[in-house]
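Nothing in this text is a laboratory measurement; each read-out follows from the coordinates by a stated rule. Since the model is a prediction, treat every value here as computed from it, not as a measurement. Every residue, glycine as well, gets a Cβ built from its backbone with ideal geometry; the counts of neighbours run over all protein chains shown.
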Ligand SMILES: Cc1cc2nc3c(=O)[nH]c(=O)nc-3n(C[C@H](O)[C@H](O)[C@H](O)COP(=O)(O)O)c2cc1C
């Protein structure tokens, strides 16, 4: 089996992450992989923020701004504040929408998602791990503002990144026969 296929078939998210986070050399490789995302019209419609250390505390304060006691689905202030502490590093994936006449906005989001998936693979190849998370913090205006996003930018997700503290139980993966068919049949 090819090394690439082996590494894709071994990919798994890890929710329990600890130090160390990847250093500059690994991050450079990881972002070089992100830059290989398929990209209609070569718009480069993505950018990334790397947050660690005290930045995670500051991010928790930004998350806490969206607390809403009237919304039963919204996490509490304390939970929002603590969320970024689930990993020693967070990489925020941001889609920079560019209103290209031939490239619908969804294609820019998909391109960001491809880059983020490559990043997860690259992290794992270097002995680290990650987990892509969104939830209400990814879609709230207050978080976009707190992170300094421009009006045309949207959060594609937060990659929680670090070294696996424990490995989660293996997930059963769907059999391709259950989601692939020929057309016309
Ligand atoms: C766009 C996106 C958003 C996600 N948001 C969350 C999330 O907020 N919380 C969560 O537990 N998993 C979230 N996930 C799923 C996990 O990242 C992970 O893929 C899932 O637990 C399955 O594990 P696996 O990656 O090992 O297959 C999200 C995945 C994607 C693609």
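Numbers for the structure displayed
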read-out: Footprinting exposure proxy for 79, 102 (fewest neighbouring C-beta atoms within 10 Å first); value: 102, 79
read-out: Euclidean distance between Cα centres, the stretch 1-33 to the stretch 88-124, Å; value: 16 Å
read-out: Percentage relative contact order, the chain, counting C-alpha pairs under 8 Å, at least six apart; value: 34 percent
read-out: Relative exposure of 39, 71, judged by other C-beta atoms within 10 Å (fewest first); value: 71, 39
read-out: Over the stretch 22-110, relative contact order from alpha-carbon pairs under 8 Å, at least 6 apart, %; value: 37 percent
read-out: Bins of 10 Å, starting at 0 and running to the largest distance - Cα pair percent for the stretch 15-166; value: 12, 39, 35, 13, 1
read-out: Ascending count of other beta-carbon atoms within 10 Å, so fewest first, for 12, 4, 18; value: 4, 18, 12
read-out: Three-way shape label, the stretch 77-185, alpha-carbon gyration tensor, a/c 1.5; value: oblate
